[in-house]
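Here the structure is laid out as structure tokens; the discussion comes afterwards.
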Amino acid sequence: MQAGDNKDQILTAYVDGSYQDELKRYAFGCVFLPPWGSIYLAWGNGDNPETVSMRNVTGEMLGAMYAVRTAMKNGFRAIELYYDYEGIEKWVTGEWKAKKEHTKKYAQAMREWGGQIRITFHKVVAHTKVEYNELADQTAKRGLTEGKGIPPVKMLEELETWN
């Protein structure tokens, strides 16, 4: 199987966030596992004063949104989203009330996109040697120093591959 018509396919993505106090910057990392077996990486960062106070959580929200938008751009019908911060799912489902402006915007965007693509959330425990979650963590750390803001959403084949 290879890239191409993905309308009947499911994309798996692991997302994580990172933060570095010295830089006052948050970042995200995404690991994409499409059905054809390749592994793709994406990352980005930000330093918005309105969202930097949530540190790595802001990064993880950005990663989740980037992953969903990537799945949509690549024509997938569904995404399996793996994350380690429980708000990623609970703000979207309403189990947690989104109180801050940026958590409200995150939840609203994810709900809207959920009308266009099926999003299934999977909580993993952080730092427990779950291979792709650890890779998402490493990728988010790369985002702190190598990222140049939030990158445009791309086709999977345009992203960096991981061996």
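The values are calculated or read from the model by the stated rules, or taken from the named source; none is laboratory data. Because the structure is predicted, anything quoted here is derived from the model rather than measured. All Cβ positions, glycine included, derive from the backbone under ideal geometry; neighbour counts span all protein chains shown. With ligands, DNA and RNA removed, areas are computed over all heavy atoms of the protein, side chains included. Shrake-Rupley method; radii C 1.70, N 1.55, O 1.52, S 1.80 Å.
Looking at region 111-142, which of its residues are in contact (Cβ under 8 Å) with a residue 24 or more places away in the chain and among the basic types (Lys, Arg)? Those that are in contact (Cβ under 8 Å) with a residue 24 or more places away in the chain and among the basic types (Lys, Arg): Arg118, Lys123, Lys141, Arg142.
What are the residues in region 89-103 that are farther than 18 Å from Phe121 by Cα, open to solvent by 40 Å² or more (accessible area, probe 1.4 Å) and part of a helix (DSSP H, G or I), if any? Break it down into steps so the answer makes sense when it comes.
Kept after step one, since they are farther than 18 Å from Phe121 by Cα, are these residues of region 89-103: 99-102.
After this cut, where a residue has to be open to solvent by 40 Å² or more (accessible area, probe 1.4 Å) as well, the list is 99-101.
Across region 89-103, the qualifying residue is only Glu101.
Identify, please: which residue in region 1-60 is part of a loop (DSSP other than H, G, I, E, B), open to solvent by less than 30 Å² (accessible area, probe 1.4 Å) and modelled with pLDDT under 95 and is, among those, farthest from Glu86 (Cα to Cα)? Break it down into steps so the answer makes sense when it comes.
First, the residues of region 1-60 that are part of a loop (DSSP other than H, G, I, E, B): 1-9, 21-24, 34-39, 47-51, 55.
Imposing the further condition that a residue be open to solvent by less than 30 Å² (accessible area, probe 1.4 Å) reduces the set to 6, 34, 39, 51.
Next, from what is left, pick out any that are modelled with pLDDT under 95: 6, 51.
Values: Asn6: 28, Thr51: 18 Å.
Here the answer is Asn6.
Quick grid of which residues meet (1) among the polar types (S, T, N, Q); (2) modelled with pLDDT under 95; (3) over 14 Å from Phe28 (Cβ atoms):
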residue: Glu101; (1), (2), (3): no, yes, yes
residue: Ile117; (1), (2), (3): no, no, yes
residue: Thr120; (1), (2), (3): yes, no, yes
residue: Lys123; (1), (2), (3): no, no, yes
residue: Met155; (1), (2), (3): no, no, yes
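Can Tyr83 be described as over 11 Å from the mean Cα position of the chain (by Cα) and at pLDDT 95 or above?
no
One residue is enough: does region 118-141 have a residue meeting the conditions open to solvent by less than 40 Å² (accessible area, probe 1.4 Å), part of a helix (DSSP H, G or I), farther than 20 Å from Ile10 by Cα and touching a helix residue (DSSP H, G or I) at 6+ places or on another chain (Cβ under 8 Å)? The answer is yes; a qualifying residue exists. Of all residues in region 48-68, those that are under 12 Å from Thr103 (Cβ atoms) have Cβ atoms under 8 Å from Cβ atoms of residues that are of a type in the set (D, E, K, R), 6 or more apart or on another chain, in Glu50/Glu101; Met54/Lys100; Glu60/Asp16; Glu60/Asp84. Is it true that some residue in region 64-80 is touching a Pro at 6+ places or on another chain (Cβ under 7 Å) and either modelled with pLDDT under 95 or under 14 Å from Gly29 (Cα atoms) (or both)? There is no residue in region 64-80 that is touching a Pro at 6+ places or on another chain (Cβ under 7 Å) and either modelled with pLDDT under 95 or under 14 Å from Gly29 (Cα atoms) (or both).
Residues that are in contact with a Leu (Cβ under 9 Å, 6 or more places away or on another chain) and either under 22 Å from Val124 (Cα atoms) or part of a strand (DSSP E or B) (or both) within region 61-79 comprise Ala64, Ala67, Val68, Thr70, Ala71, Ala78, Ile79, listed in sequence order.
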